[in-house]
Amino acid sequence: MANIVLNPFSEAQTYSDFTDFTANGILKKYDIREARNGNKYVDLILADSTGEISGKFFNYEPGVSKVWNTGDFVCIVGQVKRYNGAFQVTVEDVSNPPADAKKEDYVKSAEYDPIDMFAKIITIVGTFKDEDLKKLTLSIYEKYQQKLLYYPAAIKMHHAVRGGLLLHTLSIMTLAEKICEVYPQVDRDLLLCGAALHDIGKLSEMDSDDTGVAGEYTIDGNLVGHLVRGAMIVRFMGTSLKTPDEKIRLIEHMLLSHHGKPEFGAAVRPMFLEANLLHELDELDAKVYEFSEITSELEPNTLSARQWALDDVRIYNHGRKEVKPQANILED
């Protein structure tokens with residue numbers, strides 16, 4: 001079987017219209033929909049360790065075709081063609097992959113072992129001088145350890161890989177430590193506590209199994225969202241630990257404001273230094289990852305398609321350095 005790269009940023013080099021397509025992968029999306037003529041079809045996304053590609057299964061027959069679920073490991077057969085400027089698969093069949101195919105080989109994962117990243121975060125938190133913030137953070141990490149070891153940071157955007165939530169979190173904490181070395185007026189424990197907990201609500205916002213593939217937002221994610229849910233987790237745990245209310249409120253504010261502006265999902269704007277730094281570092285890490293991921297799939301001196309998540313700009317690979325998504329967050 002040909003090694004077909006699913007990553008959409010390299011698809012122009014991989015596909016041409018009506019290329020026969022056979023690939024194993026993990027379903028990030030499998031939605032049964034109804035066309036205008038009343039016929040049912042499936043809108044899906046197939047992902048592997050290289051990326052993902054969308055597809056339409058028009059041959060779906062209710063009551064006859066097998067129904068698959070997000071996270072299922074499948075083999076898809078069809079044809080690739082361009083639609084609205086992007087490639088997608090017109091699916092002919094969805095079936096079980098060959099017996100010798102291993103699901104774990106098709107999962108895109110963070111470059112570091114999640115156990116090592118988790119341990120590093122716990123080590124950093126252990127250096128807090130503020131015992132209340134230390135106990136609060138460690139208690140939440142202990143409660144959610146199992147999920148933290150595999151959850152992605154997003155469904156499709158930055159760090160959407162197995163272990164991506166820990167990678168994103170530890171990257172921000174590493175940046176935060178450097179910030180504190182340069183600016184002594186920054187409250188180190190407060191900034192690092194907010195960084196460690198800022199996306200904890202994503203554990204209920206997205207639905208993921210231990211493959212680290214999140215295919216859709218949960219009801220909680222749609223109705224509440226991870227900023228508010230994270231603040232609720234902090235309030236509940238802080239109250240049970242008898243954490244001083246003022247300290248709980250500071251961390252709540254950091255979580256509720258870390259998207260910066262209401263139009264980007266923030267409940268309030270950052271209103272003290274550490275809250276604003278958390279917002280800036282969160283955005284910085286996300287954009288470094290996104291730029292790097294896109295650039296890594298481009299030939300030198302070429303431009304990507306427009307990236308709606310990056311203000312609809314086209315990304316340019318200047319070719320001065322080999323680029324791939326990575327972060328030096330653990331010692332060799």
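The values are calculated or read from the model by the stated rules, or taken from the named source; none is laboratory data. Because the structure is predicted, anything quoted here is derived from the model rather than measured. Glycine also receives a Cβ, built like all others from the backbone with ideal geometry; neighbour counts cover every protein chain displayed. Areas reflect the complete protein model, heavy atoms only, side chains present, ligands, DNA and RNA absent. Shrake-Rupley method; radii C 1.70, N 1.55, O 1.52, S 1.80 Å.
From the list Lys134, Lys129, Lys143, Lys147, pick out the single residue that is closer than 26 Å to Arg235 by Cα, at pLDDT 95 or above, open to solvent by less than 50 Å² (accessible area, probe 1.4 Å) and among the charged types (D, E, K, R). Spell out the reasoning first.
Numbers: Lys129 fails: open to solvent by less than 50 Å² (accessible area, probe 1.4 Å); Lys143 fails: open to solvent by less than 50 Å² (accessible area, probe 1.4 Å); Lys147 fails: open to solvent by less than 50 Å² (accessible area, probe 1.4 Å).
Only one candidate qualifies: Lys134.
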Consider the range 196-246. How many of its residues are in a helix (DSSP H, G or I) and either closer than 18 Å to Phe264 by Cβ or of a type in the set (S, T, N, Q) (or both)? 13
Filtered residue count, the range 240-268, keeping only those that are of a type in the set (D, E, K, R), closer than 14 Å to Lys135 by Cβ and open to solvent by less than 70 Å² (accessible area, probe 1.4 Å): 1
Count, please, the residues in the range 285-312 that happen to be more than 21 Å from Ser49 (Cα to Cα) and part of a loop (DSSP other than H, G, I, E, B). 4
Specify which of the listed residues (Met237, Met271, Met232) is in contact (Cβ under 8 Å) with a residue 60 or more places away in the chain and open to solvent by 20 Å² or more (accessible area, probe 1.4 Å). Met237
Here the residues within the range 114-155 that are closer than 23 Å to Asp209 by Cα and free of Cβ contacts under 8 Å to residues at least 12 places away in the same chain are Ala119, Glu142, Gln146
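Within the range 22-42, work out how many residues are in a strand (DSSP E or B) and either among the aliphatic types (A, V, I, L, M) or closer than 24 Å to Thr211 by Cα (or both). I'd like the intermediate steps shown before the answer.
Here is the first cut: in the range 22-42, the residues in a strand (DSSP E or B) are 22-34, 40-42.
Those still in the list that are either among the aliphatic types (A, V, I, L, M) or closer than 24 Å to Thr211 by Cα (or both) too: 22-32, 42.
Looking only at that region, the number is 12.
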Here the qualifying pairs (Cβ atoms under 9 Å; residues six or more apart or on different chains; first in the range 96-109 and under 10 Å from Val74 (Cα atoms); second hydroxyl-bearing (Ser, Thr, Tyr)) come out as Pro97/Tyr106; Lys103/Thr211
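Only one of these is open to solvent by 60 Å² or more (accessible area, probe 1.4 Å), closer than 28 Å to Glu290 by Cα, out of contact with any Ser or Thr (no Cβ under 7 Å at 6 or more places or on another chain) and among the polar types (S, T, N, Q): Asn59, Asn69. Name it.
Numbers: Asn59 fails: closer than 28 Å to Glu290 by Cα.
The conditions single out Asn69.
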Could you go through the range 313-332 and let me know if any residue there is assigned to a helix (DSSP H, G or I) and either among the aliphatic types (A, V, I, L, M) or touching a residue at least 24 places away in the same chain (Cβ under 8 Å) (or both). no
Sort out which residues of the range 152-183 are open to solvent by less than 10 Å² (accessible area, probe 1.4 Å) and among the hydrophobic types (A, V, I, L, M, F, W, C), and write them in order of number. Ala153, Val161, Leu165, Leu166, Leu167, Leu170, Ile172, Met173, Ala176
